[in-house]
Amino acid sequence: MTEITKLGLPHLEPGTVWLAGAGPGDPGLLTAYALHGLAEADIILYDALVDPRVLDLAGPETKLDFAGKRGGRPSVGQADISARLVDYAHAGHRVLRLKGGDPFVFGRGAEEALALVAAGISFRVVPGITAATGGLAFAGIPLTHRETNSAVTLLTGAGTDGELPDNTDWVAIANGAPLLVFYMAIRNIAQIVDKLTANGRPTSEPCAVVSQATTARQQVVVSTLDSICEAVLVADLQPPSLLIVGETVRLRDKLNWFDR
Ligand code: SAH
């Protein structure tokens, strides 16, 4: 921790909140800001996807408060999480809100930040390595490659109700977006594949599912759009996982450094 103080980072002040990302799993992917926040916080409100080893870095006096949300399990409501953040800050605590990945990528960080704004509470957003960048790096699948794609599209395969979001323009996505990374993809994977192929994406397109990326339990299933659903069933993957669709998936053959 002493090394981090040399960076001269700002303090997590009493009565303020840091909305921080903890990265996709491997604790080595924490940022210096997140480490600093862990050391300074009085209260850490953390999500289910945060690794226990990360929470072990909190000080002995720090209160750990679980705000886990996970598909299919009883969960704390978003309004309640925001209300807790506001209450802790109003009580003068130094609050670290620690979320998996990046707080502003499918993390509902904006909703929490807006609640803090409404309550007049100062906050800082600490970006984290999102699952798409961290997970694909550990899967040996580049997000971009000059020869295959000059754009990347991040999508969610499940809205707050768990269903496939109905505001996705599938014609545009299928035809104009060369590399797709779906968060929360498994539950509705069959529907996602149908939407893509029905709107013109070749059934032979390479795709992959990366589960528990960056952890020792990481699993990667590589397939094509017409076979990915079956391959995922056979592999019996555990959440969380990402679905990647696009040509860069082929590069994993050569670039898979982690599983080797
Ligand atoms: N804010 C997070 C995303 C939260 S939504 C971020 O920036 O990464 C939760 C979804 O993130 C999961 O359903 C899964 O699709 C993805 N995810 C998070 N961690 C992951 C991991 N280690 N491996 C694969 N997918 C992951």
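Laboratory data are not the source of any read-out in this text; all were calculated from the coordinates shown. Keep in mind the model is a prediction, meaning the values are calculated, not measured. Note that each Cβ is placed from the backbone with ideal geometry, even for glycine, and that neighbours are counted across all protein chains shown.
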Can you give the angle from 0 to 90° between the axis of helix 189-198 and the longest principal axis of the chain, with both taken from C-alpha atoms, to the nearest 10? 50
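For the chain, which longest stretch is free of loop sites, where a loop site is one of the GluC sites (Glu not before Pro) that DSSP puts outside H, G, I, E and B and that has at most 16 other Cβ atoms within 10 Å?
164-260
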Scaled by the rule-of-thumb 2.2 N^0.38 Å, the alpha carbon Rg for segment 183-251 gives a ratio of 1.04
Mind listing the long-range amide H neighbours of L155? Cut-off is under 5 Å, sequence gap 5 or more, other chains count too, H placed in the peptide plane at 1.01 Å from N. V181, F182, Y183
A correct Karplus calculation of ³J(HN,Hα) over segment 125-132, with 6.51 cos²θ - 1.76 cosθ + 1.60, θ = phi - 60°, whole Hz and x for Gly and Pro, returns 9, 9, x, x, 6, 7, 4, 5
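How would W257, W18, W170 line up from fewest to most surrounding beta-carbon atoms within 10 angstrom?
W257, W170, W18
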Please list, in chain and number order, the residues 5+ apart from R124 or on another chain whose amide H is under 5 Å from its amide H, with Hs placed from the backbone. V17, W18, L19
Listing K254, K99, K63 by rising number of other beta-carbon atoms within 10 angstrom, fewest first, gives K254, K63, K99
Whole-Hz couplings from phi, Karplus 6.51/-1.76/1.60, listed for segment 240-250; x for Gly and Pro: x, 8, 10, 10, 10, 10, x, 5, 5, 4, 4
Tell me which lysines have Cα within less than 23 Å of K63's Cα, excluding those fewer than 8 residues away on the same chain? K99
Residue-wise, which Karplus ³J(HN,Hα) couplings in Hz belong to segment 54-68, taking 6.51 cos²θ - 1.76 cosθ + 1.60, θ = phi - 60°, and x for glycine or proline? 5, 5, 4, 7, 5, x, x, 8, 6, 7, 9, 10, 7, 10, x
Taking only the alpha-carbon atoms of segment 35-108, what semi-axes of the equivalent ellipsoid follow from 5 times the gyration tensor eigenvalues under a square root, in whole Å, largest first? 19, 15, 11
Coil-residue chymotrypsin sites (Phe, Trp or Tyr not before Pro) of segment 89-165, DSSP, other Cβ within 10 Å capped at 10: none
If amide H atoms are modeled at 1.01 Å from N in the peptide plane, then the residues at a separation of 5 or more from K63, or on another chain, having amide H under 5 Å from its own are I43, I44
Translational diffusion coefficient of the chain at 4 °C, 1.567 mPa s, Stokes-Einstein with Kirkwood Rh over Cα pairs, in µm²/s as a whole number. 67
Need one word for segment 131-255: rounded, prolate or oblate. Basis is the Cα gyration tensor (sqrt eigenvalues a ≥ b ≥ c); a/c below 1.5 gives rounded, then a/b vs b/c decides. rounded
C207, C229 arranged by Cβ crowding within 10 Å, fewest neighbours leading: C229, C207
